[in-house]
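The values are calculated or read from the model by the stated rules, or taken from the named source; none is laboratory data. Being a predicted model, the structure only gives us computed values, none of them experimental. Cβ coordinates were reconstructed from backbone atoms using ideal geometry, including for glycine residues, and neighbour counts include every protein chain displayed.
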C-alpha cells in the first residue's frame, strides 16, 4: 500500500521523510524534561544509603552491626560501611568482586541524580557479639 492509495486527509497525517528542515520535537521535549528533572539531593543521598543498607544487610549474618556513614560535598557522595572484622569478607567478596559490584550499582544509581559516589568498606572497632550485653543480643523471657 502506497501513500497515494490513502485518502487525502490521512496522507496529510503521515510524516514525510523527505524534509530535513523540519524536526518533530514533540517526544524530544518530554525526554529532555525527564533528563533535567532532579530529585532533591538529600532524597538521592538517602536512597543511596538505603541501597547500601539493603545489600549489606542481605550479605552479613548480623545486619544490625553494620554501620553506614555518608558524607556529601557538592555532587560527590562518600559512603562508608563499617563492619565487624568477621563480616568483612562477606561484603568484600573473593578478590573484591562483591565490593566492585556494589560500587558499580552505586555509580549507576548516583549518575541518575548527577552524583559521583564512592564506597569505603572498613572493619569497625565494635566488640564481637559475644561481648555485647545480653539484652542487646536477645531478650529471653524470664521463667
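Annotations for the structure displayed:
Residue-wise test of (1) at pLDDT below 95; (2) assigned to a helix (DSSP H, G or I); (3) more than 20 Å from residue 107 (Cα to Cα).
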site	(1), (2), (3)
4	yes, yes, yes
15	yes, no, yes
19	yes, no, yes
24	yes, no, yes
31	yes, yes, yes
52	no, yes, no
55	no, yes, no
80	no, no, no
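Residue by residue, here is whether (1) modelled with pLDDT of 95 or more; (2) out of contact with any strand residue (DSSP E or B) (no Cβ under 8 Å at 6 or more places or on another chain); (3) not in a helix (DSSP H, G or I) holds:
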site	(1), (2), (3)
105	yes, yes, no
125	no, yes, yes
130	no, yes, no
140	no, yes, yes
143	no, yes, yes
